[in-house]
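Q: Would you mind keeping the following structure in view while I ask a few things?
Just so it is clear, none of the values below were taken in a lab; they were calculated from the coordinates. Not measured: the values here are computed from a predicted model. Cβ coordinates were reconstructed from backbone atoms using ideal geometry, including for glycine residues, and neighbour counts include every protein chain displayed.
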Amino acid sequence: MEFLCYHRDRPGSMPLRAELTEAHWSYMDGYAAELIARGPTLTDDGETATGSVHIVDLPDPAAARAFAFDEPNYQAGVYRDVLLRRWHNALGRTMWDFPGGRTEEACFLVFGFGAGEAVDLSVPPRPDDLIAYGPLLSDDGTAWLGTAALVRAADEEDARTVLTGDRYAAVEVHNWTFGGRR
């Protein structure tokens, strides 16, 4: 089962985040085989983290909750909240298989929060720009709750076009970059 976990940073937590970098990476190293994608979201200037995205393949929702809430930054109070949703890997690959490779080009996390009938279940016609893409689902996988994508795009507005915007209750776009040890 695949899950998307988005930890949103608490304002002013950057010093604590920096102090815990090695603990965070070591924790994620323990999930290296299960990770589909990972990386921080950032302010517009790219200087300050605003959150962390982890897409991971785990046995069940209980394992996903343990992954999300045992994470060192969460335990220490870096994060203000956690979005944890079942997710389906519509691309069938990891970020390490992304044809563009780890890129310095602009990348974004795009969330579309569902409202009504499911939409954007098929991969959009720009697969070479998609790092990760798939529907957000209920824990049992039966209800569509939205769509999440990691996308390489010219800017925020271009990233937003990966979704059918008028079919969602809300769409969020966050600057994102490839995560992990450099």
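Q: So how do Leu4, Leu136 line up by other beta-carbon neighbours within 10 Å, fewest first?
A: Working: Leu4 28, Leu136 21.
Fewest to most other Cβ atoms nearby, the residues stand as Leu136, Leu4.
Q: Among Met28, Met1, which comes first, then next, by fewest other beta-carbon atoms within 10 Å?
A: The most exposed by this proxy come first: Met1, Met28.
Q: On to the next question. Report the equivalent ellipsoid semi-axes for the stretch 23-182 in whole Å, largest first, defined as the square roots of five times the eigenvalues of the gyration tensor built from alpha carbon atoms.
A: 22, 20, 15
Q: Here is a follow-up. Which order do Thr177, Thr142 fall in if you start with the one that has the fewest other Cβ atoms within 10 Å?
A: Thr142, Thr177
Q: Excluding Pro125 itself, calculate the net charge of residues whose Cβ lies under 15 Å from the Cβ of Pro125, where each Lys or Arg counts +1 and each Asp or Glu counts -1. Provide the component values of the computation, followed by the final result.
A: Details: positive: Arg126, Arg152; negative: Asp120, Asp128, Asp129, Asp158.
Net charge around Pro125: -2.
Q: Got a sec? Which residues in the stretch 1-23 would a label at Arg65 touch, if it sits 7 Å along Cα→Cβ and we count backbone N under 18 Å?
A: 1-7
Q: Once the stretch 2-87 is represented by equal point scatterers at the alpha-carbon sites, with solvent omitted, what log10 I(q)/I(0) does the Debye formula produce at q = 0.15, 0.16, 0.18, 0.24 Å⁻¹?
A: These q points yield log10 I(q)/I(0) values of -0.50, -0.57, -0.72, -1.25.
Q: Above 15 Å lies some portion of the pair distances; for the stretch 95-176, what is it as a whole percent of all C-alpha pairs?
A: Values: 1776 of 3321 pairs.
Percentage above 15 Å: 53.
Q: What FRET efficiency would be calculated for the residue pair Glu47, Glu105, taking the C-beta separation as r and a Förster radius of 25 Å, to the nearest 0.05?
A: Computed FRET efficiency for Glu47 and Glu105: 0.90.
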